[in-house]
Ligand code: SF4
């Protein structure tokens, strides 16, 4: 598996991504387009601030009462005829899904977009068990054909241009006439997928929001494929994280509104699915069984941590990713994680532990762009920075897996030396004098800095000396 | 107002101190021109940000604590760097949470200002004496998001009749400096610098300015390595040069 892993592998992936100049140009244009759409959909800063304060409050309220809301949700769902399953980790979640499929005798699955199933590696698990899975979302379908993981949580194939998609389609749909035109490609995928919908024994989907009050699964999408995968096959299995619950139905519109505006710049998506149960006796269509798998996978632990619980407010809009200056340079695969970009740098180290995911926090300049656009006001840069501290200098009671494990003796020693000088005025003055006096001997090479940039030169006189004359000594 | 009330502190920042003292001098002169009496405590060194952003909070606190002592009087602290001003203003209170110096850190945070912001608020009037020139102002992320002081810098530049200010593409985007990021993710940092440099060079700007010495150091170093000759300057230096 492609674990975020050590710094070297992250650096290696980053280097590889940086080397692909034509891909990067396409990608830049695609990202600029997404940013422009979001900007057009949320043009007024004050208005955005108000909307996001409301959305953040709704999410915070729900998280503050998470256990209670989950209990309510379970009761309501069961009353509606939706069967609820709890999974502690990825393995358990996949086992539950497989078991449900086996019991129904299902051999083929059509799947709507779900990042949580990426998190559990569901497609691989199904494949190993001999169940055929086809992704129904166009973007997901493209990356599935390419044998790649999604590179973005909302737009999984954003890194591919239409020529690449056309080549993929040609290789996989040889009986169809080749086209490079976007409409033609979409039509082609639709035709292929339609047949799959009709044949599938089961549909698997993600969930955007769970409404405790009504026991409703809410799913937004633009292509109608989600609607088909959740209603055409006789069995529908939804899988999602436990944090997606909100209390009331009337809290949904403000969240949906910000989710779609932040993600794609749309005031609303083409389809908003409210799934409130299986086919009733007098209904002609819909699945006969609906199941919901609620996945923990570290979320309860994150929820219990007062410092990082806000992470779970995330509604997976991808806006932080779209506005990240690092992501726009390298794309999602360079992160090597399920969730890329700022939310990935925040979530993955908590989910996987700092040893496995901590290096992701280094793929961030703390520029703050993500924090500015997050529709639920997660203080992403502050929390990412806090994670760095947890890696090298953890809280005494830090519940984060592998807290403190990223502390390296050499680096720690350098910082201690730095503090020993910079915290003592006399030593610092001595250093300044030394550096300025020996400036002509200053090295022209300074490791990683001068691999790309010329070395800075110490000044002939540091500011303290003229500063003392111009200002007043004290 | 008495002369005493016109006294202010200047926090020069470690980068400016050792690498760009002329920017610090220009800041001192601009403040004097605005009618203040800048004090430069000799015991100052660094705001602690490099260690803070690397996770070494203990070390960051030790260094920040020394500054608390150096800027003890109840005077405004003016910083010719948005990132250091932002560090003091936004992060010191949390850095000292639960420590004996917490109240002191909060008080200092509340009286800390970025240079352009301070000059702008003080109503400094700039009489342009320079030749006409086109410049690009690089908005550092800390000026844009930590201290929210880019508008102040722009207002100061607008006063200069001979200066035309151009906005490069993707002006809102980080230049890739990010302190130790520039070393830990050096290739990525350079790629970001290249995007920034290309965008600036694509304008017809004759000079690149910024409110942050860190970004300038990084961009200047990258431009030089690429063989581009665009001059790079701290905004304080530029402003002083125009009116001196
Ligand atoms: S962290 Fe915020 S901006 Fe990023 S995906 Fe989640 S909700 Fe969207």
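No lab work stands behind these numbers, since they all come straight from the coordinates. Only a predicted model underlies this, so the values are computations on that prediction, with no experimental measurement involved. Counting neighbours? That spans all protein chains shown, and the Cβs are built from the backbone with ideal geometry, glycine included.
For a quick check: sort A:244, A:111, A:37 by the number of other beta carbons within 10 angstrom, fewest at the front.
The most exposed by this proxy come first: A:37, A:244, A:111.
Taking the simple approach of a point 7 Å from Cα along Cα-to-Cβ for both residue A:68 and residue A:441, what is their distance in nm?
With each label placed 7 Å out from Cα toward Cβ, I get 6.9 nm.
Kindly work out what percent of the DSSP beta bridges joining two residues of chain A are antiparallel, to the nearest 5.
Of those bridges, close to 25 percent are antiparallel.
May I have the extent of the alpha carbons of the stretch A:411-474 along their three principal axes, as whole Å values ordered from largest to smallest?
Principal-axis extents of the stretch A:411-474 (Cα, largest first): 41, 27, 17 Å.
Kindly rank A:357-367, A:113-123, A:49-59, A:172-182 from highest to lowest mean number of other beta carbons found within 10 Å of each residue.
A:357-367, A:113-123, A:49-59, A:172-182
Could you give log10 I(q)/I(0) at q = 0.06, 0.11 Å⁻¹ for the protein assembly as shown, computed by the Debye formula over C-alpha point scatterers of equal weight, without solvent?
The calculated log intensity ratios at q = 0.06, 0.11 Å⁻¹ are -0.39, -1.15.
What is the packing order of peptides B:221-234, A:325-338, B:111-124, A:137-150, taking the mean over residues of other C-beta atoms within 10 Å and listing the highest first?
A:325-338, B:111-124, A:137-150, B:221-234
Express in whole angstrom the spacing between the alpha-carbon centres of the stretch B:153-230 and the stretch A:272-299.
The two parts, judged by their Cα centres, are 53 Å apart.
Per 10 Å bin from zero, what fraction in whole % of the C-alpha pairs of the stretch B:125-242 is there, up to the bin with the longest pair?
Answer for the stretch B:125-242: a P(r) of 14, 48, 31, 7, 0 percent.
Summarise the partner chain shielding of B:162-174 as one whole number: the mean count of Cβ atoms from other chains within 10 Å of each residue's Cβ.
2
Compute the Cα gyration tensor for the stretch A:321-390, then decide on rounded, prolate or oblate, letting a ≥ b ≥ c be the square roots of its eigenvalues: rounded whenever a/c is under 1.5, prolate when a/b is larger than b/c in the other cases, and oblate in all that remain.
Taking the square roots of the gyration eigenvalues as a ≥ b ≥ c, the stretch A:321-390 is oblate.
Please give, to one decimal in nm, the separation of the simple spin-label points placed at residue B:161 and residue A:108, each 7 Å out from Cα toward the Cβ.
7.9 nm
Could you work out how far helix A:90-104 tilts from the main Cα principal axis of chain A, as a 0 to 90 degree angle to the nearest 10?
Taking Cα atoms only, the helix is inclined about 10 degrees.
Could you tell me how far the Cα centroid of the stretch A:423-474 sits from the Cα centroid of the stretch A:160-235, in Å?
61 Å
With each label point set 7 Å from Cα along the Cα-Cβ vector, what nm distance links residue A:431 and residue A:75?
It is 6.2 nm.
Taking a quarter of the surface of the convex hull around the Cα atoms of the stretch B:6-120, what do you get in nm²?
The number I arrive at for the stretch B:6-120 is 6.5 nm².
Given a Förster radius of 41 Å and the C-beta distance between residue B:134 and residue B:72 as r, what FRET efficiency does 1/(1 + (r/R0)^6) yield to the nearest 0.05?
FRET efficiency, residue B:134 to residue B:72: 0.40.
Pull out a ≥ b ≥ c, the square roots of the eigenvalues of the alpha-carbon gyration tensor of chain B, then state rounded if a/c is under 1.5, prolate if not and a/b is larger than b/c, and oblate in the remaining case.
oblate
Given springs between every Cα pair under 10 Å in a Gaussian network model of chain B, which of B:180, B:13, B:150 has the largest fluctuation?
Maximum fluctuation in the GNM of chain B, among the listed residues, is at B:180.
Which whole number gives the average, over all residues in B:7-19, of C-beta atoms from other chains lying within 10 Å of the residue C-beta?
Taking the mean over all residues of the peptide, I get 4.
With springs only between Cα atoms under 10 Å, which of B:202, B:105, B:70 fluctuates most in a Gaussian network model of chain B?
B:202
Among B:133, B:78, B:63, which one shows the biggest mean-square fluctuation in a GNM of chain B, springs joining Cα atoms closer than 10 Å?
Result for chain B, Cα springs under 10 Å: B:133 fluctuates most.
Which angle between 0 and 90 degrees, to the nearest 10, do you get for helix A:409-422 versus the longest principal axis of chain A when only C-alpha atoms count?
Around 50 degrees separate the two axes.
Shielding by partners for B:35-48, please: the mean number of other protein chain Cβ atoms within 10 Å of each residue's Cβ.
6
Would you kindly state how much longer the chain becomes between residue A:395 and residue A:60 on full extension, computed as 0.36 nm times their sequence separation minus their alpha carbon distance, in nm to one decimal?
Residue separation times 0.36 nm, minus the Cα-Cα distance, leaves 118.2 nm.
How would the stretch A:32-134 be classified by its alpha-carbon gyration tensor: rounded, prolate or oblate, with rounded meaning a/c under 1.5 and the a/b versus b/c comparison settling the rest?
Oblate.
Can you tell me the 0 to 90 degree angle between the C-alpha axis of helix A:45-64 and the longest principal axis of chain A, rounded to 10?
Compared with the principal axis, the helix lies near 70 degrees.
Based on the mean of other Cβ atoms within 10 Å per residue, sort peptides A:374-385, A:61-72 so the most packed one is first.
Final packing ranking: A:374-385, A:61-72.
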